[in-house]
1. With contacts defined as alpha carbon pairs under 8 Å and 6 or more residues apart, what's the relative contact order of the stretch 37-136 in percent?
2. Under the rule of at least 5 residues apart or a separate chain, name every residue whose amide H is placed under 5 Å from the amide H of I66.
3. What percentages, rounded to whole numbers, describe P(r) for the stretch 3-106 computed over all alpha carbon pairs with 5 Å bin width beginning at zero?
4. If you stretched the chain out fully between K177 and S242, how much longer would it get, using 0.36 nm times the residue separation minus the C-alpha to C-alpha distance?
5. Using 7 Å Cα-to-Cβ label points, what is the K191/S77 separation (nm, one decimal)?
6. Round to the nearest 0.05 the FRET efficiency obtained for A256 and S232 when R0 = 25 Å and r is the Cβ-Cβ distance.
7. What nm distance separates the two modelled labels at V221 and M315, each placed 7 Å from Cα along Cα→Cβ?
8. In whole Hz, with x marking every Gly and Pro, tabulate ³J(HN,Hα) for the stretch 250-261 from phi via Karplus 6.51 cos²θ - 1.76 cosθ + 1.60, θ = phi - 60°.
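Readers should treat all values here as calculations from the given coordinates under stated rules, not as data from a laboratory. This structure is a prediction, so every number in the text was calculated from the model and none was measured. Note: ideal-geometry Cβ built from the backbone for every residue, glycine included; neighbour counts use all protein chains shown.
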Amino acid sequence: MKIKFNLFERVAGLFVLGAVGIAFAATIGMGIKKGWFDQKVHLQTLVPSADGINPGTPVRFSGLRIGSVDTIDLKSSNEVIIKFKILKRFAKRINNRSIVRVVRPFVIGEKALEIEDGKVKGKPIRDGQTLLAEYSPDFLEILSSNKLGMYMQSLSMTMANLQKLAEAFLSNERSDKIIELFDELFPLMKKMNSMATEVSVLSASLNDKQKMAKVLDDFLVISKQMKKALPSVADDMPALSSNILQLTKNLNQLSADMQEIVPVFKEIAPEIPGATNKAVRALDEVVITLKAMQKTWMLRGNVEEVKEEEMKLKMRQPASDE
């Protein structure tokens with residue numbers, strides 16, 4: 001059965017087909033303009049909180065929208081992984097050291113991801129790469145109920161500590177000690193001032209006529225001489241150490257010998273005075289004999305005469321001494 005359309009139905013059909021075609025063409029044009037058919041590069045980043053970020057959140061670079069957020073997933077208790085895609089034609093302007101910031105374009109409203117070019121040149125990004133993120137809470141997050149409660153709790157603890165500190169300073173004993181501390185602080189400052197003045201005068205005297213420079217020059221000369229002398233001393237150290245070792249051995253041997261000799265001296269010590277007297281007498285005999293030999297070398301009988309003369313001399317000596 002062949003269906004026939006009248007003129008009105010044909011016009012209406014053509015109008016609908018034209019509208020559908022125009023809508024399809026507009027959709028294709030808008031997609032091309034927004035880059036729906038362009039190649040994409042998929043990236044990801046880690047932030048401590050995804051508050052205000054949802055799938056479809058825009059990704060911007062230098063104020064231009066270059067992509068959007070695909071998925072948001074929780075990695076750990078304080079890490080959220082955000083996966084997003086950007087147009088490939090903008091990927092060449094981003095490197096692996098680029099930074100992703102979570103910003104809110106206005107005071108209120110949804111957040112956006114802002115990619116900043118790395119200050120240091122890096123390698124080109126690749127598909128699936130993780131970029132470093134910098135996250136800082138904004139004004140609305142600070143005023144949120146959960147964080148505001150934490151801040152108020154911290155503020156309450158701070159005020160309690162300040163109250164304890166104030167109560168401690170209200171004590172009369174501690175106030176007196178603080179006053180004493182300030183009283184002692186002023187003389188200390190005066191002494192430090194006088195010490196600084198003396199140090200300044202000393203430094204000025206050292207700098208006068210380049211005295212300090214001369215001292216340093218002399219010290220440099222001494223250092224050079226020591227540098228020359230130290231190698232020779234180091235070379236002589238083996239011989240010196242061997243001599244010291246031999247001397248130590250000799251001293252040890254002498255100490256051992258003295259330990260054997262000392263007991264012998266202790267035994268003969270009582271007999272030493274008698275032996276000394278005998279030695280003196282023997283010396284007297286020798287002197288007498290020598291004098292007799294001087295007088296008469298050939299006659300030995302004159303020894304008695306010499307003895308008598310010696311006796312007379314001994315008797316005369318005390319009288320002469322008196």
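1. Relative contact order comes out at 34 percent.
2. It is V59, R60, F61, by chain and number.
3. 2, 10, 16, 16, 13, 10, 7, 6, 5, 5, 5, 3, 2, 1
4. Using 0.36 nm per residue and subtracting the Cα-Cα distance, I get 16.7 nm.
5. 5.4 nm
6. Once the sixth-power term is evaluated, E becomes 0.10.
7. About 8.1 nm separates the two model spin labels.
8. Each residue's phi maps through the Karplus curve to give 5, 5, 5, 5, 4, 5, 5, 5, 5, 5, 7, 7 Hz.
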